[in-house]
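Read the structure below first, then the notes.
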Amino acid sequence: MTIKSDGSVRAYLGSRLRACRNRLLSIALLPLFASVTACNAVVMNPSGDVAVQQRDLVIISTVLMLLIIVPVMILTVFFAWRYRQSNTDAPYDPDWDHSTQLELLIWAAPLLIVICLGAVTWMATHLLDPYRALGPSPGEAVSEATKPLEVEVVALDWKWLFIYPEYGVATVNEMAAPVDRPIEFRLTSSSVMNSFYVPALAGQIYTMPGMQTKLSAVINHPGVYQGFSANYSGAGFSGMRFAFRGLPTADFDKWVADVKAQGSALDRNIYLQLEQPSENDPVRRYATVDPELFGAVLNRCVEPNKMCISEMSTIDAKGGLGLAGIYNVRPLENNNYTRRGSVFGPEISFVAGICSTSEAVKASVDAPLMTPRDTLPITGAGLPRPFSAPFFGFQRRLSNS
């Protein structure tokens, strides 16, 4: 029988504990390795032509970079082994400082790789521009099958709204498209910036409130694919997912018919309710849609009696509100019936108020009792007062321009 000291016993028990721990760790990691091997690498195995080209771009770029990375890694190991201290056969030259051959190899190879990467990136940037429309092949006539399917997308908190203006239907957290038919997305957001991403279809595209982005894509294989938000947008971000269905044309027509048969109506009042934040929303279908809803969402004027962004821009482009803005814009306005674009014309007049006959009589009787109103002229923001010296100078500058 062998007698061990206390130190030997402790070392022995420690080694046994480490061995048991390593075995348990390996067993615990087995499910993780199994799940990783079972993953569907959809980015590297997409089902849409745009996504396939993007996949090829990733592969080409990776291979070009590996042409430098792999030799460098191999040479690092080779030089470390060949010129190790114990290898007395390797030449030793402490005064070495230059080699023309090595300099050419070190600088020329990366330069050629950078040129190739630049050329590939430049071509792919234009060919895979999300705003670039996908048309039929050269010589192929545009038919109903090749006519792009228009889809209007609104990123809500925290769900996706899809509107099909061609069919007059809409869905929430579900989208379908016919196989081999180009899709033109018009995207916006209701509150914060978001990101629309279907990995099997095409790259991600951002959505922003008050702005419109576009994405052109096509699905080439039938199936149900996952779409989601790729940009954090709040508490319900993780549940902001939807099913993208690639269907044969006949099945897509049936899907549209089912939406029209089973769905409800989507007007502005329903949209305002739908716009309220909610998480993990179920699929909803709408048989009819207000045709101006997407434009109202884009211009931030879904609510009644709210001025749209496009209307504000038009007013600002014409000089803003106020008498000064009207005076500055009116002489330069191209009116087909009176001024014809000339700065000359009849004297400009303004209506001070509109009232009925009874209101006018009552106003004349009560006039002495009424509080005098402010008669100072109204001016637009940052514009001079009408008939002042700066006003006429400003008007002359506009006329000369």
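Give the residue, chosen from Ile219, Ile205, Ile270, that is within 15 Å of the chain's Cα centre (by Cα) and β-branched (Val, Ile, Thr). Talk me through it step by step, then tell me what you get.
Values: Ile219 fails: within 15 Å of the chain's Cα centre (by Cα); Ile270 fails: within 15 Å of the chain's Cα centre (by Cα).
Unique residue meeting the criteria: Ile205.
Would you mention how many residues in segment 280-320 are open to solvent by 70 Å² or more (accessible area, probe 1.4 Å), closer than 20 Å to Leu156 by Cα and in a helix (DSSP H, G or I)?
Looking only at that region, the number is 0.
Tyr131 versus (1) open to solvent by 100 Å² or more (accessible area, probe 1.4 Å); (2) touching a residue at least 24 places away in the same chain (Cβ under 8 Å); (3) over 30 Å from Pro178 (Cβ atoms): which is the lone unmet condition?
All conditions pass for Tyr131, except number (3).
Step by step: first the residues of segment 80-96, then only those that are in a helix (DSSP H, G or I) and open to solvent by less than 100 Å² (accessible area, probe 1.4 Å), then the one that is nearest to Val120 (Cα to Cα). Which residue is that?
Initially, segment 80-96 is screened for residues in a helix (DSSP H, G or I), giving 80-82.
Subsequent filtering for residues that are open to solvent by less than 100 Å² (accessible area, probe 1.4 Å) retains 80, 82.
Details: Ala80: 35, Arg82: 38 Å.
Per the criteria, the residue is Ala80.
Before we move on, is Ala145 at pLDDT below 95, surrounded by fewer than 15 Cβ atoms within 10 Å (Cβ to Cβ) and either within 23 Å of the chain's Cα centre (by Cα) or under 19 Å from Gly246 (Cα atoms) (or both)?
Values: at pLDDT below 95: yes; surrounded by fewer than 15 Cβ atoms within 10 Å (Cβ to Cβ): yes; either within 23 Å of the chain's Cα centre (by Cα) or under 19 Å from Gly246 (Cα atoms) (or both): yes.
When the stated conditions are applied, Ala145 passes them.
Please determine, by comparing only the residues of segment 240-277 that are among the small types (Gly, Ala, Ser) and either part of a strand (DSSP E or B) or modelled with pLDDT under 90 (or both), which one is nearest to Ser189 (Cα to Cα).
Taking segment 240-277 as the starting set, the residues that turn out to be among the small types (Gly, Ala, Ser) are 243, 246, 250, 257, 261, 263-265.
Now narrow it down to the ones that are either part of a strand (DSSP E or B) or modelled with pLDDT under 90 (or both): 243, 246, 263-265.
Values: Ala243: 19, Gly246: 24, Gly263: 23, Ser264: 23, Ala265: 21 Å.
Filtering first and then ranking leaves Ala243.
Select, from Ile115, Ile106, the only residue that is closer than 15 Å to Leu64 by Cα and either free of Cβ contacts under 8 Å to residues at least 12 places away in the same chain or over 49 Å from the mean Cα position of the chain (by Cα) (or both).
Values: Ile106 fails: closer than 15 Å to Leu64 by Cα.
On inspection, the qualifying residue turns out to be Ile115.
Would you check which residues across segment 203-224 are touching a residue at least 60 places away in the same chain (Cβ under 8 Å), under 26 Å from Asn45 (Cα atoms), open to solvent by 30 Å² or more (accessible area, probe 1.4 Å) and part of a loop (DSSP other than H, G, I, E, B) and list them?
If the condition is that a residue be touching a residue at least 60 places away in the same chain (Cβ under 8 Å), under 26 Å from Asn45 (Cα atoms), open to solvent by 30 Å² or more (accessible area, probe 1.4 Å) and part of a loop (DSSP other than H, G, I, E, B), then Asn220, His221 are the ones that fit.
Among the residues of segment 46-58, write down those that are open to solvent by 50 Å² or more (accessible area, probe 1.4 Å) and farther than 15 Å from Met123 by Cα.
Asp49
The values are calculated or read from the model by the stated rules, or taken from the named source; none is laboratory data. Remember, it's a predicted structure, so these values are computed and weren't measured experimentally. Ideal geometry is used to build each Cβ from the backbone, glycine not excepted, and the neighbour counts take in all protein chains shown. Areas reflect the complete protein model, heavy atoms only, side chains present, ligands, DNA and RNA absent. Shrake-Rupley method; radii C 1.70, N 1.55, O 1.52, S 1.80 Å.
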